[in-house]
1. Of all DSSP beta bridges located in the range 164-308, what percent are antiparallel, nearest 5?
2. If you rank 12, 264 by fewest surrounding Cβ atoms within 10 Å, what's the result?
3. Taking just the C-alpha trace of the chain, give me its Rg and Dmax in Å.
4. 222 nm [θ] for the chain, helices only, -39500 (n - 2.57) per DSSP H run of 4+, per residue, to 500?
5. Take the Cα pairs of the range 180-313, get the Kirkwood Rh, then feed it into Stokes-Einstein at 25 °C and 0.890 mPa s and tell me D in µm²/s.
6. Could you tell me the ratio Rg/Rh of the range 91-140? Both radii from Cα atoms, Rh via Kirkwood.
7. Starting with the highest mean, order 97-106, 62-71 by the number of other Cβ atoms within 10 Å, averaged over the residues of each peptide.
8. In 5 Å bins starting at zero, report the fraction of Cα pairs in the range 139-186 per bin as a rounded %.
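All of the numbers you see were taken from the coordinates with simple rules; none came from a lab. Everything numeric here is computed off the predicted structure, so don't read it as measured data. Because the Cβ atoms are built from the backbone with ideal geometry, glycine has one as well, and the counts that use them run over all protein chains shown.
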């Protein structure tokens, strides 16, 4: 039996790895897609930790791994002080109340045969949260109101709502069990730009009033900047830089982070911004480059980058980077 700390961080992840076995051809050699390759971070209570990176970098696998929806290769996931890394499906059943997801596609994540009442009520019924059907109905109405929907919406079906309204239903469902951690996996990427800000503002308001903790995953740096307290930048299954939001956007250190931020359009026509173009494409996670995985696309590549993986360089208590530019700088100093 694991003893819990008095006030643990809602989530601590240590050296998390998820490898998917693949075989090319009938008699091909067994290889592994290294979707996550040694990810470590933690999220403080009431914090929104944003994860950003290009498609295929491992962001969604990270969400699924933390929710124990994919098999872990190694590493630790500590949720509310409890190590759930090796929990079976039956052991996870009571734990799932603590961790809920908001999915990317509001069109696919809601059952078209169920009314909104039944969709939002489902987790309440599965986990025996309410004592009666009346209590379930009252809780559903309360949740719908919290996400900006009306009482009569409970009797409608998902296809009768717009994309933004469907995502509000998904948010209501995710909050039904009062989770300690909400994983939002690209929650606004399938929505119109005009609706995205409404959903982001709703998530921010809910966080404030319900004291929520978010793991927020997105590929759009502007979205991440709007909602996050801290940000982790992923590349090929690893974090290359982690920092509090303002420091990251004002002083990006890793060449990959600098390139991503340089692509954000500026609303100030007078601002002169250097556009950093990354050469080539993201390498295959099956045959990742040796040394620093980013070195084939890095304009600051040094010989050591091709040979050794960079170690963590701590710039401040809240800002660290994995880059030989800073380990070499530390040596000189």
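1. Working: 6 of 10 bridges.
Here the antiparallel bridges make up roughly 60 percent for the range 164-308.
2. By the 10 Å Cβ count, ascending, the order reads 264, 12.
3. Expressed in Å, the Cα Rg and Dmax of the chain come to 21.3, 69.
4. For the chain, the value works out to -9000 deg cm²/dmol.
5. Details: Rh = 16.9 Å.
Here the translational diffusion coefficient equals 145 µm²/s.
6. Numbers: Rg = 12.2 Å, Rh = 12.2 Å.
Radius of gyration relative to Kirkwood radius: 0.99.
7. Averaged packing, sorted descending, gives the order 97-106, 62-71.
8. Pairs per bin, as whole percents: 4, 21, 33, 23, 12, 6, 0.
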